[in-house]
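Worksheet for the structure shown next.
FYI, it's all coordinate maths here, none of it is from the lab. This is a predicted model, so every value here is computed, not measured. Cβ placement follows ideal geometry from the backbone for every residue including glycine, while neighbour counts extend to all protein chains displayed.
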């Protein structure tokens with residue numbers, strides 16, 4: 001399994017790493033707790049391919065990038081498994097950065113809760129955009 005995130009980071013599963021470890025260089029191992037898994041999944045970031053020729057990947061930007069203050073209303077619904085809970089709640093995006101956004105949800109949300117948010121990214125834009133996300137910090 002190979003996963004590429006939106007910032008260009010390439011993560012390799014433990015199984016993939018076992019097949020190609022002699023031909024690559026990796027960063028630290030990350031543990032990910034996934035739904036319906038009894039133990040964490042292990043992923044490592046691909047840093048370079050060393051064979052047949054060396055190819056280094058650009059290191060991704062740190063999550064602690066400059067955060068820009070904003071005031072964007074958002075409505076959201078929590079998901080339970082694959083089902084959306086019926087209550088539509090209101091909140092506000094209070095800052096945004098390359099690595100994510102901080103939302104004042106108006107109520108406590110469990111860490112790693114799945115969320116569907118409707119955001120209108122521009123006062124000129126008429127339609128809202130639906131974003132599916134995960135609560136990372138509470």
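Just to be sure I understand: if I project the alpha-carbon convex hull of the stretch 2-56 onto a plane and average over all orientations, what area do I get in nm²? Present the calculation step by step, with values, prior to reporting the outcome.
Numbers: hull surface 16.9 nm².
The orientation-averaged projected area of the Cα hull of the stretch 2-56 comes to 4.2 nm².
For residue 48 paired with residue 66, estimate the spin-label separation in nm (one decimal), with each label point 7 Å from Cα along the Cα-to-Cβ line.
Result for the modelled spin labels: 3.1 nm.
What are the extents of the Cα atoms of the stretch 68-134 along their three principal axes, listed from largest to smallest and rounded to whole Å?
Its Cα atoms span 33, 24, 20 Å along the three principal axes.
Give the calculated FRET efficiency between residue 102 and residue 75 to the nearest 0.05, with a Förster radius of 22 Å applied to their Cβ-Cβ distance. Intermediate results must be reported in sequence, preceding the final value.
Details: r = 17 Å, r/R0 = 0.76.
Efficiency, rounded to the nearest 0.05: 0.85.
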